[in-house]
Amino acid sequence: MGLSKLLEQWPVVRQLKEGDPLGLGPSVQSPRSKSLTPRIDEADHVVQSVCPYCAVGCGQLVYVKDGEVTHIEGDPASPISRGRLCPKGQASKSYVQSTLREYKVKYRRPYGTQWEELSLDDAMEMIAQRILETRDVTWEYETPDGKPANRTTAIAHLGGATLDNEENYLMKKLYTALGVVCVENQARI
């Protein structure tokens, strides 16, 4: 390739030759950059979601191809974040596809040094039994001054920041039915 041909490929020369001194037009595009397409163009569909990291509740657009999340970006239609995401929200794809993600229930027995795998059914049964046992042992039929109580203060629940009001409403109904009075949440959306 000759020197003149090499110089013509240099972006500064193309800018001057094509009348694009600010480098805002096609003179600064390489053949490779002209052929690039956004990774979201290949998505089968887009799902609106809410970022799971903090209490802000930023809107997300989750791009999916062949059942796999390919990209996550801010949702411009969100009145909360108006299309912006912090680095954690942008990286939330790793919640779904991280090599470090656990796919099995892990349990470490009291005073144990090793984690063991449990089936989901066994883990749920263990949780239910502990709730019922704690409730039975700590149930208060009446207050210290003799008024009806029908409650337990030995079980508490703190709802996550990414639960919406409807989810928190249903959880509050469940805990009230169980007699749990120490219930709080961080619902923001």
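Taking region 29-77 on its own, what percent of its Cα-Cα pair distances exceed 17 Å?
Value for region 29-77: 47 percent of Cα pairs lie more than 17 Å apart.
Mind jotting down the three principal axis lengths of region 33-138 based on Cα atoms? Whole angstrom, largest first.
Principal extents (Cα only, largest first): 66, 29, 23 Å.
With springs only between Cα atoms under 10 Å apart, run a GNM on the chain and tell me which of TYR111, TYR53, TYR141 wobbles the most.
Per the Cα network of the chain with a 10 Å cutoff, TYR111 tops the list.
Based on the Cβ-Cβ distance of VAL46 and GLU8, what FRET efficiency does E = 1/(1 + (r/R0)^6) give at R0 = 35 Å, to the nearest 0.05?
Plugging the Cβ-Cβ distance into 1/(1 + (r/R0)^6) gives 0.25.
Of GLY67, GLY83, GLY25, which has the largest mean-square fluctuation in a 10 Å C-alpha GNM of the chain?
Checking each option, the largest mean-square fluctuation is seen for GLY25.
Compute the acute angle (0 to 90°) between the alpha-carbon long axis of helix 165-178 and the principal axis of greatest extent of the alpha-carbon atoms of the chain; round to the nearest 10°.
Tilt relative to the chain: about 20 degrees.
Of THR153, THR143, THR176, which is the most mobile in a GNM of the chain whose springs link Cα atoms less than 10 angstrom apart?
THR143
Could you tell me whether region 109-187 comes out rounded, prolate or oblate from its Cα gyration tensor? Rule is a ≥ b ≥ c as square roots of the eigenvalues, rounded for a/c under 1.5, then prolate if a/b exceeds b/c, otherwise oblate.
Taking the square roots of the gyration eigenvalues as a ≥ b ≥ c, region 109-187 is oblate.
State the antiparallel share, in %, of DSSP beta bridges confined to the chain, rounding to the nearest 5.
Counting only bridges with both partners in the chain, antiparallel ones make up about 80 percent.
Please determine, in degrees from 0 to 90 and to the nearest 10, the orientation of helix 120-138 with respect to the longest principal axis defined by the Cα atoms of the chain, where the helix direction is its Cα long axis.
Here the helix axis deviates by roughly 40 degrees.
Pull out the extension gain between TYR169 and ASP20, defined as 0.36 nm times the separation in residues minus the alpha carbon to alpha carbon distance; nm, one decimal.
Extending this stretch completely gives an extra 47.7 nm.
Using 7 Å Cα-to-Cβ label points, what is the GLN90/LEU36 separation (nm, one decimal)?
Output for this residue pair reads 1.4 nm.
Would you calculate, for the chain, the mean residue ellipticity at 222 nm contributed by helices, counting each DSSP H stretch of 4 or more residues as -39,500 (n - 2.57) and dividing by all residues, to the nearest 500?
-9000 deg cm²/dmol
Averaged across orientations, what area in nm² does the convex hull of the alpha carbons in the chain project?
For the Cα atoms of the chain, the hull's average projected area reads 20.3 nm².
Taken together, the values in this text are just the output of simple stated rules run on the coordinates, not laboratory data. Predicted model only: the values in this text are computed from it and were never measured. For neighbour counting, all protein chains shown are included, and Cβ atoms are generated from backbone atoms with ideal geometry for every residue, glycine included.
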